[in-house]
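So the structure is just underneath, and the comments pick up after that.
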Amino acid sequence: MGKRSDFERKPRDSYWTPYEAVIPLLPHLHKGSTFEEPCAGNGQLQDFIEQAGHLCTYSCDIEPQRNDIAKFDAFHINKTNADFFITNPPWDRKILHPLIVHLSDIAPTWLLFDADWMHTKQSAELMKRCVKVVSVGRVKWIPDSKMTGKDNCAWYLFFGLDGTEFSTRFVGRELPEMRAAE
């Protein structure tokens, strides 16, 4: 699935978000947050976040894999009443980059994708919108696989550009025993 893999990618980057990738995001959502899931796929990410006590007010995908997910293109969303957009978007830069701009111009936007992206030249302008990066590490995208993906992942929180200058806050990975102590 990653840039160093010789495996054929799934169409539309349809890799369902495992729970392990959601855990690092949860402490960064205020209690009872509302969100929209604009690249919902099979709804797994939405379900995990709702199970943690948050409310999905709308979910869509261009090819939904569940009846309760609307068939709708995220680029046609023009408003929301939710606190956030939260999604695991396609990682193809031709889709990802315009999606960052489009969604974050509407509402704060949490996106899960490769952590390496922030270190590339292509990210420079978009990182001006990034207020937080939460490290996830490597994710096991294919449940039956013995291996995790080859790329580290992160949650990125983007805001629209309104003249405000942001400094990005970086949150490293927590050890499991640190989580258990809370």
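Here are some notes:
- Subset of the stretch 156-176 that is among the charged types (D, E, K, R) and modelled with pLDDT under 80 - its residue that is farthest from the chain's Cα centre (by Cα): E165
- Failed condition for R138, given (1) in contact with an Asp or Glu (Cβ under 8 Å, 6 or more places away or on another chain); (2) within 16 Å of H28 (Cα to Cα); (3) without any contact (Cβ under 8 Å) to a residue 40 or more places away in the chain: (2)
- Within the stretch 1-41, tally of residues that are modelled with pLDDT of 65 or more and not in a loop (DSSP other than H, G, I, E, B): 11
- Considering the stretch 140-155, and only residues there that are aliphatic (A, V, I, L, M) and outside any strand (DSSP E or B), the residue that is modelled with the lowest pLDDT turns out to be M147.
- Residue among A74, A107, A124 that is free of Cβ contacts under 8 Å to residues at least 24 places away in the same chain, within 24 Å of D162 (Cβ to Cβ) and of a type in the set (A, V, I, L, M): A124
The values are calculated or read from the model by the stated rules, or taken from the named source; none is laboratory data. Just so you know, these numbers come straight off a predicted model, no measurement behind them. Please note: Cβ atoms are built from the backbone with ideal geometry, for glycine as well, and neighbour counts cover all protein chains shown.
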